[in-house]
Amino acid sequence: MSADWPIVALGDVLRRSEHIIPLDPDATYREVTVRINGKGVVERRQVQGVEIAADRRYQAKAGQFIISRIDARHGASGLIPDDLDGAVVTNDFPLFDVAKDRLDAAFLGWMSKTASFVELCKRASEGTTNRVRLSEDRFKALNISLPPLDEQRWIVARIEELAAKVKEARRLRSLAFDEADALSRSATDSIYRRLTSEIGPSRLAAACTSITDGDHLTPAFSKGGVKFIFVGNVSTGRLHFNGVKYVTAQYFQGLSATRVPRRDDLLYSAVGATLGIPAVVDVDDDFCFQRHVAILKPDHAKILSRFLWHMLKSQTVFDKAWASTTGSAQPTIPLRAIRELPIPMPPLDRQKQVVAELDALQAKVDAVRALQTETAVELDAMVPAILDKAFKGGL
C-alpha cells in the first residue's frame with residue numbers, strides 16, 4: 001500500500017451485513033462460494049429451500065464485499081456480482097456493506113486480489129492446523145492505505161483499462177491457437193478425402209488386430225502399483241499420466257492381452273465432450289485404463305500407428321464418430337461404431353509420406369502451442385504486477 005495515503009481500519013469503512021431471510025421450503029435459491037487466489041465470487045449451486053439444512057440464511061446484495069472465513073488466507077474474497085444479487089450465503093461467508101462516501105467498492109474488489117491484502121488476511125486468521133479461520137474482529141481491525149475517493153475511482157478506471165488489454169491479449173492468444181489447430185485439422189482432412197477418393201475407405205476394424213475398451217468392472221484402487229488412467233489422460237491427443245490412480249499388480253496381470261497397452265497402440269476417448277480424440281502409446285510403462293477409453297491395436301503389416309492417429313483426427317472421421325454416439329447427457333460412441341469408422345489404407349510407403357507431411361505441420365502447431373503457453377504465463381503475471389503497482393501509488 002502507498003505510504004502517502006491515509007491509514008484507515010477496515011472496520012471504519014466496512015459494516016457487517018445482518019440481512020437474514022427465512023427460507024421457503026418450496027422456493028429455489030442460489031448459493032454463493034468464493035474461489036481462492038482472487039478467482040472471483042461465483043454461484044455454487046441452485047437448490048430448493050427444503051434441501052438447505054437451515055431455515056434462515058444471509059442474503060447477499062450486488063456490490064457487497066464477501067470473504068471466506070476458512071480460505072481468506074488463500075485469497076478467497078471479492079465483491080458480489082450483479083448476477084448473484086439476492087443469493088444466499090452461510091455464516092462462513094461474512095458479507096459487508098461498503099461505506100460509499102469513503103470507499104469505492106471496486107477499489108476494494110481489486111485490492112482484495114493483491115498479495116499484500118491476502119497477507120493481511122493471513123494475519124487476521126487464527127486457529128490450529130486445518131482449523132484456521134478468519135477472525136472477524138481482527139479482520140476489521142486491519143489497517144489499509146486509502147486514497148481520496150476520486151483517486152480511488154481513477155485507479156480503478158486505470159486498472160480496468162489495463163486488465164481489459166490483458167484480457168484481449170488472452171483472447172488473441174487463444175484465437176491464434178484455434179486457427180493453427182483448425183489449419184492442421186483442415187490439412188489432415190484434405191489428405192484424408194484425397195486418399196479415400198483414390199482408394200476408398202476401409203473399416204477401422206480391418207486395420208487393427210483388436211479394438212476393445214477398458215475393464216467394465218471398476219477396480220479397487222491401491223496406494224501404489226500399476227498406473228490406472230482416465231479419459232482425461234488421452235483427450236488432449238497426447239498420452240500423459242497426470243492425476244493417475246493405481247491398481248495392484250494382481251489386477252493388472254488378470255487383464256486380457258487386448259486390454260494391455262503396448263507401445264504404438266492407440267487409445268481413443270470414447271465418452272464425453274472430448275469424445276473422438278486418439279492418442280498414441282509412446283511409452284513402455286505398464287498401465288491400464290477405465291472402460292470409457294478404447295484401445296486400438298493396429299496391424300502394423302497394414303497401417304502405421306502415426307498414420308492412423310492422423311486419420312482419426314481428420315474432421316470427416318471425427319464428425320462420423322460424433323454422429324454415431326448414443327446418450328444425451330453423456331454422449332458415448334459404442335465399440336461397434338468405432339470398428340466401423342472409415343479409414344483409408346494406402347501402401348505403407350505412401351503412409352510414411354503422409355505422416356512426414358502431417359508431422360511437419362503438427363510440429364508447427366505444437367510450436368504455436370508452446371509459444372501460447374509461454375505467453376499465458378506472462379499474461380497471468382501481468383495483472384498481479386499491475387495491481388501491485390496500483391496499490392503502491394505507482395500507476
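Some notes on this structure:
- Reported count of residues in the stretch 7-34, each being assigned to a loop (DSSP other than H, G, I, E, B) and open to solvent by 40 Å² or more (accessible area, probe 1.4 Å), is 5.
- Annotation: of all residues in the stretch 95-137 being open to solvent by 90 Å² or more (accessible area, probe 1.4 Å) and in a helix (DSSP H, G or I), the one that is farthest from residue 155 (Cα to Cα) is 137.
- Top-ranked residue in the stretch 297-311 [being in contact with a strand residue (DSSP E or B) (Cβ under 8 Å, 6 or more places away or on another chain) and not in a strand (DSSP E or B); ranked as nearest to residue 270 (Cα to Cα)]: 309
- Qualifying residue in the stretch 285-296 (condition: open to solvent by 10 Å² or more (accessible area, probe 1.4 Å), part of a helix (DSSP H, G or I) and either touching a helix residue (DSSP H, G or I) at 6+ places or on another chain (Cβ under 8 Å) or at pLDDT below 95 (or both)): no
- One residue alone among 65, 96 is under 18 Å from residue 391 (Cβ atoms) and either at pLDDT 95 or above or touching a helix residue (DSSP H, G or I) at 6+ places or on another chain (Cβ under 8 Å) (or both), and that residue is 65.
- Qualifying residue in the stretch 144-153 (condition: of a type outside the set (Gly, Ala, Ser), farther than 17 Å from residue 386 by Cβ, touching a residue at least 40 places away in the same chain (Cβ under 8 Å) and not in a helix (DSSP H, G or I)): yes
Every residue, every condition in (1) at pLDDT 90 or above; (2) of a type in the set (S, T, N, Q), yes or no:
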{"position": "199", "(1), (2)": "yes, no"}
{"position": "207", "(1), (2)": "yes, no"}
{"position": "210", "(1), (2)": "yes, yes"}
{"position": "213", "(1), (2)": "yes, no"}
{"position": "216", "(1), (2)": "no, no"}
{"position": "226", "(1), (2)": "yes, no"}
{"position": "230", "(1), (2)": "yes, no"}
{"position": "240", "(1), (2)": "yes, no"}
{"position": "247", "(1), (2)": "yes, no"}
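- Among the residues making up the stretch 168-189, a single one is among the basic types (Lys, Arg) and over 21 Å from the mean Cα position of the chain (by Cα): 185.
- If you go through the stretch 60-94 and keep only what is hydrophobic (A, V, I, L, M, F, W, C), over 23 Å from the mean Cα position of the chain (by Cα) and open to solvent by less than 10 Å² (accessible area, probe 1.4 Å), you end up with 60, 65, 66, 67, 87, 88, 89.
- Filter pass, residue 72 being among the aliphatic types (A, V, I, L, M) and over 30 Å from residue 147 (Cα atoms): no
- Within the stretch 202-221, the set of residues being among the hydroxyl-bearing types (Ser, Thr, Tyr) and either over 32 Å from the mean Cα position of the chain (by Cα) or surrounded by 17 or more Cβ atoms within 10 Å (Cβ to Cβ) (or both) comprises 202, 209, 210, 212.
- Evaluation of residue 45 against (1) surrounded by fewer than 14 Cβ atoms within 10 Å (Cβ to Cβ); (2) at pLDDT 90 or above; (3) of a type outside the set (Phe, Trp, Tyr); (4) part of a strand (DSSP E or B) (one fails), failing number: (2)
- Applying a threshold of 6 Å to beta carbon distances and a minimum spacing of six or more residues, or different chains, the list of pairs starting in the stretch 179-196 at a residue that is under 18 Å from residue 356 (Cβ atoms) and ending at one that is among the charged types (D, E, K, R) and outside any helix (DSSP H, G or I) reads 188/313.
- Tabulated pairs, the stretch 259-285, first in contact (Cβ under 8 Å) with a residue 40 or more places away in the chain, second basic (Lys, Arg), C-beta under 6 angstrom, 6+ apart or interchain: 265/297; 279/238; 281/263
- Residue in the stretch 50-68 that is hydroxyl-bearing (Ser, Thr, Tyr) and part of a loop (DSSP other than H, G, I, E, B) present: yes
- Remark: pairs (first residue in the stretch 325-337, without any contact (Cβ under 8 Å) to a residue 40 or more places away in the chain and over 15 Å from residue 216 (Cβ atoms); second residue part of a loop (DSSP other than H, G, I, E, B) and β-branched (Val, Ile, Thr); Cβ separation under 9 Å; 6+ apart in sequence or on different chains) = 326/333; 337/325.
- Leading residue by the ranking (nearest to residue 103 (Cα to Cα)) among those in the stretch 168-194 that are open to solvent by 50 Å² or more (accessible area, probe 1.4 Å) and in contact with a Leu (Cβ under 9 Å, 6 or more places away or on another chain): 170
- The stretch 251-268 - residue that is part of a loop (DSSP other than H, G, I, E, B) and open to solvent by less than 70 Å² (accessible area, probe 1.4 Å) and, of those, farthest from residue 283 (Cα to Cα): 254
- Test: residue in the stretch 245-255 that is out of contact with any Phe, Trp or Tyr (no Cβ under 8 Å at 6 or more places or on another chain) and touching a residue at least 40 places away in the same chain (Cβ under 8 Å): yes
The values are calculated or read from the model by the stated rules, or taken from the named source; none is laboratory data. Computed from a predicted model, the values in this text were never measured in an experiment. Using ideal geometry, Cβ is built from the backbone for each residue, glycine included, and neighbour counts are taken over all protein chains shown. Side chains included, ligands, DNA and RNA excluded: accessible areas come from the protein's heavy atoms. Shrake-Rupley method; radii C 1.70, N 1.55, O 1.52, S 1.80 Å.
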